[in-house]
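In what follows, a single structure is set out as structure tokens and then discussed.
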Amino acid sequence: MEYLILGLLLLSPMTGYQLQQFIKKNLALICSHSAGSVQTALSKLEREGKILARETAEGRRRKKCFAVTEAGRAAFSDWVAQPMQAGKVKNMELSRLFFAGLAQPEQRLAAIRDYIAQMEQTKEVLQAIRENFLRMKEQPLPPGTDWPQVLRFQGYTIEYGIAAAEFEIGWYRRLLSELEEQP
């Protein structure tokens with residue numbers, strides 16, 4: 001969560017609420033968007049000197065706007081330059097499939113149908129995110145960031161999510177068909 005927040009703050013300083021809302025709207029399939037998760041990560045980053053908070057007042061409300069420090073920028077640069085770790089991507093839900101032979105046939109079929117429906121919803125969410133992303137790309141963006149490269153890789157991430165959802169939907173539909181023929 002900390003590196004995700006550092007990356008978002010590199011793109012633009014934000015309040016904790018703005019971070020939470022952005023994650024909820026665009027990254028909820030990657031990580032938690034709970035206020036507790038965001039605040040815990042912000043507190044840790046601030047303690048470590050990777051971000052600074054600037055307090056502002058809006059009427060009677062006080063807000064903390066967070067920005068990345070040089071230490072935070074360096075930590076993020078080190079992290080993002082590391083190769084992605086295939087072994088870190090785990091899907092504990094596959095353990096249900098692994099043990100599905102211990103369930104009753106109708107329970108297995110119902111669970112797989114429900115999972116397919118969930119993946120179809122996930123795909124719809126990602127497609128909506130893609131639509132918002134494409135609209136955002138048309139908007140003027142603040143100077144100082146190589147936005148074409150940033151947006152390029154954000155687009156790749158969205159397309160990966162859609163392709164992964166499509167793969168799972170197809171794979172589980174084939175499994176469902178097989179199990180309907182031979183429970």
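The values are calculated or read from the model by the stated rules, or taken from the named source; none is laboratory data. These numbers were taken from a predicted model, which means no experiment stands behind them. Note that we place each Cβ from the backbone using ideal geometry, even for glycine, and neighbour counts take in every protein chain shown. What goes into the accessible areas is simple: the full protein's heavy atoms, side chains included, and nothing from ligands, DNA or RNA. Shrake-Rupley method; radii C 1.70, N 1.55, O 1.52, S 1.80 Å.
Once the Cβ-Cβ distance between ARG174 and GLN104 is put in as r, and R0 is 30 Å, what FRET efficiency do you end up with, to the nearest 0.05?
0.90
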Based on DSSP H runs of at least 4 residues, each adding -39500 (n - 2.57), what is the mean residue ellipticity at 222 nm of the chain after dividing by all its residues, to the nearest 500 deg cm²/dmol?
-21000 deg cm²/dmol
Relative contact order of the chain (C-alpha contacts under 8 Å, at least 6 apart) in percent is 19
Amide hydrogen neighbours beyond the local backbone of MET14, cut-off 5 Å, H modeled:
PHE66
Round to the nearest 10 and give me the degree value, 0 to 90, for the angle of helix 147-181's Cα axis relative to the longest principal axis of the chain.
20
Give the residue from PHE22, LEU42, SER177 lying farthest towards the positive end of the charge dipole for the chain; charges sit on Cβ (+1 for Lys and Arg, -1 for Asp and Glu) and the dipole is referred to the Cα centre.
LEU42
Leaving ligands, DNA and RNA out of it, report the carbon-plus-sulfur percent of the accessible area of the range 77-183 at a 1.4 Å probe.
58
Residues listed by number, the range 3-23, amide nitrogen under 12 Å from GLN39 label point at 7 Å toward C-beta:
16-17
Once the in-chain neighbours fewer than 8 apart are removed, the lysines whose Cα is under 21 Å from LYS50 read LYS63, LYS64
Grab the eigenvalues of the alpha-carbon gyration tensor for the range 9-96, scale each by 5, take roots, and send me the semi-axes largest first in whole angstrom.
28, 19, 10
Angle between the chain longest axis and helix 35-47 axis [Cα atoms, degrees, rounded to 10]:
40
Picking from LEU109, MET84, CYS65, whose Cα lies most toward the positive end of the charge dipole for the range 57-114 (charges on Cβ: Lys, Arg +1; Asp, Glu -1)?
CYS65
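Any idea of the accessible area per residue across the range 48-183, 1.4 Å probe, to the nearest Å²? All intermediate terms of the calculation are to be shown ahead of the outcome.
Details: 10400 Å² over 136 residues.
Dividing the accessible area of the range 48-183 by its residue count gives 76 Å².
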Gap separating the Cα centres of the range 64-89 and the range 155-183, nearest whole Å
32
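Under a Cβ-only charge scheme (Lys and Arg +1, Asp and Glu -1), can you give me the dipole magnitude of the chain about the Cα centre, in debye to the nearest 20?
Numbers: 24 positive and 21 negative charges, 172 e Å.
Using only the charged Cβ atoms, the result is roughly 820 debye.
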Taking the chain as the reference, fit the longest principal axis to its C-alpha atoms, fit the long axis of helix 2-11 to the helix C-alpha atoms, and give the angle between the two in degrees, 0 to 90, nearest 10.
60
Please list, in order along the range 105-118, the HN-Hα scalar couplings obtained from phi with the Karplus expression 6.51 cos²θ - 1.76 cosθ + 1.60 (θ = phi - 60°), rounded to whole Hz, x for Gly and Pro.
x, 5, 5, 4, 4, 4, 5, 5, 4, 5, 5, 4, 4, 4
Residues whose built amide H sits under 5 Å from the amide H of THR69, excluding neighbours closer than 5 in sequence, are ILE51, LEU52
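Quick one: order LEU19, LEU10 from most to least accessible surface, probe 1.4 Å. Spell out each step's value before the answer.
On the way: LEU19 0, LEU10 45 Å².
Sorted by accessible area, descending: LEU10, LEU19.
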